[in-house]
Amino acid sequence: MANKFYITTPLYYVNAQPHIGHSYTNIAADTLAREMRNILGKDNVWFLTGTDEHGQKIQRQAENEGAIPQDFTDKMVLTFKDLWKDLNISYNDFIRTTEERHIKIVQQALEILYKKGEIYENKYEGWYCTPCETFWTETQITDKLCPDCKRPLEKISETNYFFKLSKYQDWLVGYIKNHADFIKPAFRRQEVLSFLELNKLTDLCISRPKERLSWGIPLPFSAEHVTYVWFDALVNYISAVGTFDAQGNYNSRWWPADLHLIGKDILRQHAIYWPIILRALNIELPKTIFAHGWWLVGENKMSKSRGNVVSPKDLVDKYGLDVYRYFLLRDVPFGMDGNFSEEAIVKRFNGDLANDLGNLVFRTLVMIEKYFQGNIPDVEISKIELNTQAKNIREKIKALPGEVNLYLTAGSDFNFSLGLEKIWQLINLSNKYIEDTRPWNLDKEKKTEELKVFIRLLAEVIREIAETISVFMPKTAESIKEQIGQDKIKKGNPLFPRIDLTPKT
């Protein structure tokens, strides 16, 4: 395994408030960053997130609010930073596309490509979608509507600068075919390959005239143009962690990225534009780009225009931070779409969290208090002959960290749901162990040594669960560790008091 791990989220566009989709990506990235810190040490993991702040949509939104774009973006950035704090996101760096360090690298990258002949000037006539900030050709559109968002297109004619995307099409197809982990899940990889094999790439327009859009990074070779927001935003992955030397070589301790986590709606930009830009700059490609699914309400994607956006902060305030994190990571295999409902959260809360995990911790602490005055029995279980059920639990304890880690890798498609399922298998085995052993009978029959072994094993189970669950639910893990203590427990309230669903009369 490499001695470093560099993970990124997309840059979130600051034209609207953050929603569940944003929080989903960052919670997933946070979980993986925490897991890798446990394995590689905290100094060898770099977790980058940030905001995308240029473009026409931002300029128009700022104008609508009677603000200048910089003031508007400064205000919106705080809403994202506040949410990441509320969600316990342990990022190492937060990059903004309006920062000097980013602007400098974008302009250097443009200059390098321009000098290499990878960028040229040309006149463009065609259709443009302002909400998507995308140009479309006549053959790609129907009824003058954007193929992506179905909103009306504008006909424009202007001189712009173009990046030679088409030149690299065959190379990219070959690269994707030869690198199975480059785009994940596999069905997304196939989607990109199918697109590339059925369509001829057109060169990418990487500029906008200042007269139409002033809010952007100026092109270093044209005072009349600013950089297209998608070229600008993608460069953040290298602008945050490295520099170009005088010869145009890129240097970084962290690059290549081990994982770009994105939503499926921006797969094309990441799996086509970005690798080709890197190739033209002679920079190594990221190891894996993973596109996860959407959270739907009924059949529809959450969107401001549909009025079905759910606030992560509201859900955290209502159910608790770790309940929210657990639900998002457990309910749907990562990569697939999920159906969001509060009923589903309550079901997970009362079932997995209250009945299973909360119950196991609380009843174990109650027994330690009742039978051993809060002291965990000092028994060396490895030297004792255990029954089959106890042996099975002990083996599960040993195997659990490796099993969970296996699911949090590219090879297993970062399957958080199955990783959590492994933890819950141990929780459920332990709850059954309590029912089958009937410790209250051991106490009545004065079988003190057997009772000590039983309690000691449960304490070991709870410690291991706290360790392995800490990457998914950090606050819950801290609370469990605090209550189970080292030698003496500090029993608190139940971790997850059940939500009463009985209708009020």
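The values are calculated or read from the model by the stated rules, or taken from the named source; none is laboratory data. Since we're looking at a predicted model, the values are computed, not measured. For neighbour counting, all protein chains shown are included, and Cβ atoms are generated from backbone atoms with ideal geometry for every residue, glycine included.
When the residues of the range 196-223 are filtered to those that are over 25 Å from Arg268 (Cβ atoms) and at pLDDT below 95, which remaining residue is surrounded by the most Cβ atoms within 10 Å (Cβ to Cβ)?
It comes out as Lys210.
Restricting attention to the range 151-173, which residues are of a type in the set (Ser, Thr, Tyr) and either touching a helix residue (DSSP H, G or I) at 6+ places or on another chain (Cβ under 7 Å) or modelled with pLDDT of 95 or more (or both)?
Tyr161, Ser166, Tyr168
Out of the residues in the range 14-68 meeting the condition of being among the acidic types (Asp, Glu) and not in a strand (DSSP E or B), tell me which one is surrounded by the most Cβ atoms within 10 Å (Cβ to Cβ).
Going through the qualifying residues, I end up with Glu53.
Going by what's in this entry, would Leu360 be described as under 30 Å from Ser90 (Cβ atoms), outside the structural domain of His22 (by TED's automatic domain parsing) and among the aliphatic types (A, V, I, L, M)?
When the stated conditions are applied, Leu360 passes them.
Count, please, the residues in the range 381-398 that happen to be surrounded by 13 or more Cβ atoms within 10 Å (Cβ to Cβ), assigned to a helix (DSSP H, G or I) and not polar (S, T, N, Q).
So the answer is 6.
Within the group Thr73, Thr97, which residue is buried (at least 21 other Cβ atoms within 10 Å of the Cβ) and under 30 Å from Asp317 (Cα atoms)?
Thr73
Residue by residue through the range 316-334, note down the ones that are within 13 Å of Trp295 (Cβ to Cβ) and at pLDDT below 95.
Across the range 316-334, the qualifying residues are Asp331, Val332, Phe334.
Conditions: (1) among the hydrophobic types (A, V, I, L, M, F, W, C); (2) out of contact with any Leu (no Cβ under 8 Å at 6 or more places or on another chain); (3) in a helix (DSSP H, G or I). Val192 meets all but one. Number of the miss?
Unmet for Val192, out of (1) among the hydrophobic types (A, V, I, L, M, F, W, C); (2) out of contact with any Leu (no Cβ under 8 Å at 6 or more places or on another chain); (3) in a helix (DSSP H, G or I): (2).
With the range 407-482 as the region, which helices (runs of 4 or more DSSP H) entirely inside it contain at least 1 residues that are assigned by TED's automatic domain parsing to the domain that holds Leu321, under 30 Å from Ala180 (Cα atoms) and among the aromatic types (Phe, Trp, Tyr)?
Correct list: 416-437.
For the range 335-366, give me each residue that is at pLDDT below 95 and among the acidic types (Asp, Glu).
Asp337, Glu342, Glu343, listed by residue number.
Per-residue answers, yes or no, for (1) in contact with a Ser or Thr (Cβ under 9 Å, 6 or more places away or on another chain); (2) of a type in the set (Val, Ile, Thr):
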| site | (1), (2) |
| --- | --- |
| Ala33 | yes, no |
| Ala62 | yes, no |
| Pro69 | yes, no |
| Val77 | yes, yes |
| Asp82 | no, no |
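Would the range 146-165 turn up any residue that is in a helix (DSSP H, G or I), surrounded by 14 or more Cβ atoms within 10 Å (Cβ to Cβ) and not acidic (Asp, Glu)?
no
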